[in-house]
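One structure is given below, encoded as structure tokens.
The values are calculated or read from the model by the stated rules, or taken from the named source; none is laboratory data. The shown structure was predicted, so the numbers you read here are calculated from the model rather than taken from an experiment. Please note: Cβ atoms are built from the backbone with ideal geometry, for glycine as well, and neighbour counts cover all protein chains shown.
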Amino acid sequence: MIRFGMPKGVVKRKSISLIEDLLRVPINKDKLHFFDQGDVHYYLLKHRDIPRLIELGCLDLGITSTEWLYENGSDLYIHKELDWCDTRISLISDKDSPVLSENATIRCITEFPRITRDFFSRTNKNNVTIDNISGSSEALVPSIYNCCVDCVETGKTLLLHNLTEESIIYKSQIVLVSKHTVCNQTKNLITMIMELMSHKEQNCSINGM
């Protein structure tokens, strides 16, 4: 059995499209688990969980965002970068109260504590308290926290709350990953996926001309 983890969230539509291409049939988009006659199982999961599940041996391969490889300290092999989403991890603060230029103690909230610690260490900011949250950290700035470190795609939420990207910390990429050593059946599936994606990219390029 081959177990393939694919992301939900803003790229769920891309995941569903790939599963349908691999199964060659339409699927029920409300389901989270699919499988074919070749005993390949597809799971729709959160980005953050996919690297860890591969490392634990619960999944054989997956598609995830590179900030979660960084955040989890995952040592996985990247087979291909996918043009699925344009996001970044940024330091977010109130437009009228930037934190990097201040010497006062900084209270920061984030779902990326490792990335955040590394960033403040590089900027020589030692007076920082970092708390962890599972998401929506922008809602707590500036009324409870001075800043947050979060994923930004369009920036619309920031504009609505008078927030700004004070610094772009990390540019994310959606990637196809596995352990460095995989079985032949997994290798064959990876080859099939990469050929399918390359074919679709070529078609998009031709149609865009």
Completion exercise
Note on the range 46-86: residues under 13 Å from residue 175 (Cβ atoms), charged (D, E, K, R) and surrounded by fewer than 22 Cβ atoms within 10 Å (Cβ to Cβ) are 80, 81, 83
Practice task
Inspect the range 188-209 for any residue being within 19 Å of the chain's Cα centre (by Cα) and either assigned to a loop (DSSP other than H, G, I, E, B) or modelled with pLDDT of 95 or more (or both) and give the result as yes or no.
Solution key: no
Practice task
Show the residue pairs that are 6+ apart or on different chains and have beta-carbon atoms under 8 Å apart, the first residue being within the range 49-63 and in the same structural domain as residue 188 (by TED's automatic domain parsing) and at pLDDT 95 or above, the second being assigned to a helix (DSSP H, G or I) and among the aromatic types (Phe, Trp, Tyr).
Solution key: 50/68; 51/68
Problem - Which listed residue is at pLDDT 95 or above, within 22 Å of the chain's Cα centre (by Cα) and of a type in the set (Val, Ile, Thr), from 182, 149, 141 - result: 149
Practice task
Working carefully through the options 144, 168, find the one that is surrounded by fewer than 19 Cβ atoms within 10 Å (Cβ to Cβ), within 14 Å of residue 88 (Cα to Cα) and hydrophobic (A, V, I, L, M, F, W, C).
Solution key: 168
Completion exercise
Listed by first then second residue, the pairs whose first member lies in the range 119-131 and is assigned to a helix (DSSP H, G or I), whose partner is at pLDDT 95 or above, with beta carbons under 8 Å and at least 6 positions apart or on separate chains, are 119/91; 119/149; 119/167; 119/169; 120/106; 120/108; 120/128; 120/130
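Go through 134, 74 for me and flag whichever is part of a loop (DSSP other than H, G, I, E, B), modelled with pLDDT of 95 or more and of a type in the set (Gly, Ala, Ser).
Exactly one residue qualifies, and that residue is 74.
Is it true that some residue in the range 128-136 is in contact with a Ser or Thr (Cβ under 8 Å, 6 or more places away or on another chain), of a type in the set (Ser, Thr, Tyr) and buried (at least 16 other Cβ atoms within 10 Å of the Cβ)?
Residues of the range 128-136 that are in contact with a Ser or Thr (Cβ under 8 Å, 6 or more places away or on another chain), as a first pass: 128-133.
Subsequent filtering for residues that are of a type in the set (Ser, Thr, Tyr) retains 129.
This time we only want the ones that are buried (at least 16 other Cβ atoms within 10 Å of the Cβ), so: none.
So far as the range 128-136 goes, no, none of its residues is in contact with a Ser or Thr (Cβ under 8 Å, 6 or more places away or on another chain), of a type in the set (Ser, Thr, Tyr) and buried (at least 16 other Cβ atoms within 10 Å of the Cβ).
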Exercise for the section: Name the one entry in 111, 102 that is under 18 Å from residue 165 (Cβ atoms) and modelled with pLDDT of 95 or more. Expected result: 111
Fill in the blank from the handout: residue 109 passes all but one of the listed conditions (1) in the same structural domain as residue 201 (by TED's automatic domain parsing); (2) in a strand (DSSP E or B); (3) in contact with a Leu (Cβ under 6 Å, 6 or more places away or on another chain); the exception is number (1)
Exercise for the section: Within the range 36-54, track down each residue that is out of contact with any helix residue (DSSP H, G or I) (no Cβ under 8 Å at 6 or more places or on another chain), not aliphatic (A, V, I, L, M) and not in a loop (DSSP other than H, G, I, E, B). Expected result: 41, 43, 49
Practice task
Would you mention how many residues in the range 89-108 are among the aliphatic types (A, V, I, L, M) and closer than 12 Å to residue 130 by Cβ?
Solution key: 2
Handout entry: So residue 96, is it charged (D, E, K, R) and either assigned to a loop (DSSP other than H, G, I, E, B) or assigned by TED's automatic domain parsing to the domain that holds residue 152 (or both)
Key = yes
